[in-house]
Amino acid sequence: MSSRYYITTPIYYVTDAPHIGHLYTTVAADIMSHYQKMMGKEVWFLTGTDEHGQKIQKKAKETGETPQQLADRVVQRYLEAWKVYGIEYNDFIRTTEERHKKVVQAYIKKLMNSGDIYLSSYEGLYCIPCEAYCTETQATDGKCPDCQRPVENLREESYFFKMSKYVEPLIKHIEQNPSFIIPESRKNEVLGFLKGEVRDISISRTTIDWGIPMPADPKATKSHCVYVWFDALTNYISALGPMDNDEKFRKFWPEAIHVVGKDILRFHAVYWPTFLMALGLPLPKQIVAHGWLTDSNRKISKSLGNAIDPIALSKEVGIDGMRFFLFREFVFGLDGEYTKEIMYQRINADLANDFGNCINRVTNMIPKYMGNDAIEVTKLLSESSELKTLASEVVPQAHKEMEHFGYQKSLESIWKLISGVNKYVENNAPWTLAKSTDPKDKQKLEEVLLHCHESLRIASLFLVPFIPTSAKRAIAYLGTESDLKVAAPLATQLLWGKGPTSVKVTKSAPLFPRLEIPKA
Ligand code: MSP
């Protein structure tokens, strides 16, 4: 297994400020990046914005700005949202940057020279919002098969990419690498598409001028811009500095994992790999397709008018509340219906009640029954207990789920441990043991408290990638901050008894305030 990890989000269109759907993808990548870092990997996490193409040009006309002004204004909203949510990306790429444009042009030139890009003409139905052509049969009632908006008839001189040439090798690659596209259902969808009729695709546009120019060509009668999806997909490599022989490219490109919404899976799982094959470059390691957040079963999106502002939400339920809710409530690969009620209930039940209360209880009892000084924690941890057994079951499960982006199940496993602590406290009633004068009970009391402490140390440390601020606060109350500084990989630190030997526990303030569910 490689010690390196490269994770990307899609680059977002700068037509509008980010909404909860964009947040979903970005936090997903942030959690995984954080987790992999804690697992000891050298991680590179890339996000950015998609700033060219007809969509942007059209929007800029509406707002009375130049496309560049629009991009410069809207990109700030993304940067702000990611800052609020504590997204720890390593690089943010904008497709209007020079470092990106030069790679796109070099790659296009290479493919023109090799004959994989050729000049011809195209007539077809085109969906402007999706920036994609479709066939007559796909466009039932003149509507785009993906977004259901009307398609337009477009005829233009165009460059084409020989996609058909790479269909067979790509099918083979997908079949030989079962985890290339996850989840499985999406992989089958892509294979189904590839086994149908796949034509060469138009790779340039003459109808717009807001894009990267195609290289000069005496055969062309018009000026062409590079198709926005070729431009956009290339960001995953251009950001690594491949032309400058950047070490980043060599180190990270072969480890690439693209996290994308199911709406743009085909671009990532068909277009992108065939471009790469033609360029003679290695394919990414994996494409992870997630579902949509929906509102009354419709995708949440700006154009459908049901977008939800992530910054406003963070003020309502907290950053960590949001981060947790999105990945505990919904199965990553499936659609999830978003409602405020579900969000408030989930945050109250799991964070305020289960986790928050548990931390509060245990950090209250330890100083009360064992004194305020630092205590030696590891001494009684070798004793067996139901918590020790539970931790040895749920932690490996939680790791296993993370291997395939199973955030929901991973959190569910950790919650088994947290609920286990709450039950264990009830069953062993430390307050009764504390009243006893029997030395055996005193030993039992310490054992119970230390086993609770150890379970919460493990749970809180595992939760750092998901709810960084609150998990770190919990860790500070437990007195196990040194875990955060240790170089050992998370997998080792999460083993029972592998925490610091001596800790000073402080009674916690509530970690999560109980939210008042707003009346509908
Ligand atoms: N610019 C392209 C991507 C190019 S990547 C080389 C694009 N941009 S986008 O701004 O429209 O949206 C990008 C991503 O946002 C989607 O693929 C998806 O990951 C996420 N989402 C947007 N709406 C969403 C939901 N309602 N639910 C979940 N994710 C959604 O497509």
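The values are calculated or read from the model by the stated rules, or taken from the named source; none is laboratory data. Predicted model, so just to flag it, every value in this text is computed and none were measured. As a convention, Cβ positions derive from the backbone with ideal geometry for all residues, glycine included, and neighbour counts pool all protein chains shown.
Total residues in segment 1-15 satisfying the condition of being more than 8 Å from the ligand (Cβ to nearest atom) and in contact (Cβ under 8 Å) with a residue 40 or more places away in the chain: the figure is 7.
Would you mention how many residues in segment 34-54 are closer than 23 Å to H258 by Cα and within 16 Å of the ligand (Cβ to nearest atom)?
Going residue by residue through segment 34-54, those that are closer than 23 Å to H258 by Cα are 34-53.
Restricting the remaining residues to those that are within 16 Å of the ligand (Cβ to nearest atom) gives 45-53.
Total satisfying the criteria: 9.
Name the residues in segment 353-403 that are surrounded by fewer than 15 Cβ atoms within 10 Å (Cβ to Cβ), among the hydroxyl-bearing types (S, T, Y) and in a helix (DSSP H, G or I), would you? Residues satisfying the conditions are T389, S392.
Residue-by-condition table, conditions (1) touching a residue at least 60 places away in the same chain (Cβ under 8 Å); (2) assigned to a loop (DSSP other than H, G, I, E, B); (3) under 19 Å from E123 (Cα atoms); (4) basic (K, R):
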{"position": "D141", "(1), (2), (3), (4)": "no, no, yes, no"}
{"position": "D146", "(1), (2), (3), (4)": "yes, yes, no, no"}
{"position": "R155", "(1), (2), (3), (4)": "no, no, yes, yes"}
{"position": "H173", "(1), (2), (3), (4)": "yes, no, no, no"}
{"position": "P178", "(1), (2), (3), (4)": "no, yes, no, no"}
{"position": "G192", "(1), (2), (3), (4)": "no, no, no, no"}
{"position": "A232", "(1), (2), (3), (4)": "yes, no, no, no"}
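Quick one: is L79 buried (at least 22 other Cβ atoms within 10 Å of the Cβ) and either of a type in the set (A, V, I, L, M) or not assigned by TED's automatic domain parsing to the domain that holds I308 (or both)? Here the answer is no, as L79 does not meet what is asked. Name every residue in segment 213-230 that is surrounded by fewer than 24 Cβ atoms within 10 Å (Cβ to Cβ) and within 15 Å of the ligand (Cβ to nearest atom), in order of residue number. Of everything in segment 213-230, just one residue is surrounded by fewer than 24 Cβ atoms within 10 Å (Cβ to Cβ) and within 15 Å of the ligand (Cβ to nearest atom), namely W229.
Quick check, is L70 in contact with a helix residue (DSSP H, G or I) (Cβ under 6 Å, 6 or more places away or on another chain), within 16 Å of the ligand (Cβ to nearest atom) and under 24 Å from E131 (Cβ atoms)? So that I can check it myself, show each step before the final result.
Numbers: in contact with a helix residue (DSSP H, G or I) (Cβ under 6 Å, 6 or more places away or on another chain): yes; within 16 Å of the ligand (Cβ to nearest atom): yes; under 24 Å from E131 (Cβ atoms): yes.
Judged against the criteria, L70 is a match.
Answer yes or no: is there a residue in segment 256-278 that is surrounded by fewer than 21 Cβ atoms within 10 Å (Cβ to Cβ), part of a loop (DSSP other than H, G, I, E, B) and either within 11 Å of the ligand (Cβ to nearest atom) or not hydroxyl-bearing (S, T, Y) (or both). For segment 256-278, residues surrounded by fewer than 21 Cβ atoms within 10 Å (Cβ to Cβ), part of a loop (DSSP other than H, G, I, E, B) and either within 11 Å of the ligand (Cβ to nearest atom) or not hydroxyl-bearing (S, T, Y) (or both): absent. Selection of segment 32-53 for residues being out of contact with any strand residue (DSSP E or B) (no Cβ under 7 Å at 6 or more places or on another chain) and surrounded by fewer than 24 Cβ atoms within 10 Å (Cβ to Cβ) yields H34, Y35, M38, M39, G40.
When segment 464-494 is filtered for residues that are farther than 21 Å from F355 by Cβ and in contact with a helix residue (DSSP H, G or I) (Cβ under 9 Å, 6 or more places away or on another chain), the ones remaining, listed by number, are V486, P489, A491.
Of the helices (runs of 4 or more DSSP H) that lie entirely inside segment 413-520, those containing 1 or more residues that are acidic (D, E) and either closer than 24 Å to D30 by Cβ or not assigned by TED's automatic domain parsing to the domain that holds E403 (or both) span 482-485. Residue under question is D309, and the condition is that it be surrounded by fewer than 23 Cβ atoms within 10 Å (Cβ to Cβ), acidic (D, E) and within 15 Å of the ligand (Cβ to nearest atom); does it hold? For D309, the condition - surrounded by fewer than 23 Cβ atoms within 10 Å (Cβ to Cβ), acidic (D, E) and within 15 Å of the ligand (Cβ to nearest atom) - is met.
Please verify whether segment 68-90 includes one or more residues that are out of contact with any Phe, Trp or Tyr (no Cβ under 8 Å at 6 or more places or on another chain), over 24 Å from A312 (Cβ atoms) and polar (S, T, N, Q). Step through it out loud before you land on a result.
Going residue by residue through segment 68-90, those that are out of contact with any Phe, Trp or Tyr (no Cβ under 8 Å at 6 or more places or on another chain) are 68-77, 80-81, 83-87.
Going one step further and asking which of them are over 24 Å from A312 (Cβ atoms), we end up with 68-69.
Checking which are polar (S, T, N, Q) leaves us with 68-69.
Checked against the condition, which is being out of contact with any Phe, Trp or Tyr (no Cβ under 8 Å at 6 or more places or on another chain), over 24 Å from A312 (Cβ atoms) and polar (S, T, N, Q), segment 68-90 yields at least one hit.
In this structure, does G333 turn out to be among the small types (G, A, S), assigned to a loop (DSSP other than H, G, I, E, B) and either under 23 Å from the mean Cα position of the chain (by Cα) or not assigned by TED's automatic domain parsing to the domain that holds I20 (or both)? Step through it out loud before you land on a result.
On the way: among the small types (G, A, S): yes; assigned to a loop (DSSP other than H, G, I, E, B): yes; either under 23 Å from the mean Cα position of the chain (by Cα) or not assigned by TED's automatic domain parsing to the domain that holds I20 (or both): yes.
Considered against the rule, which asks whether it is among the small types (G, A, S), assigned to a loop (DSSP other than H, G, I, E, B) and either under 23 Å from the mean Cα position of the chain (by Cα) or not assigned by TED's automatic domain parsing to the domain that holds I20 (or both), G333 comes out as yes.
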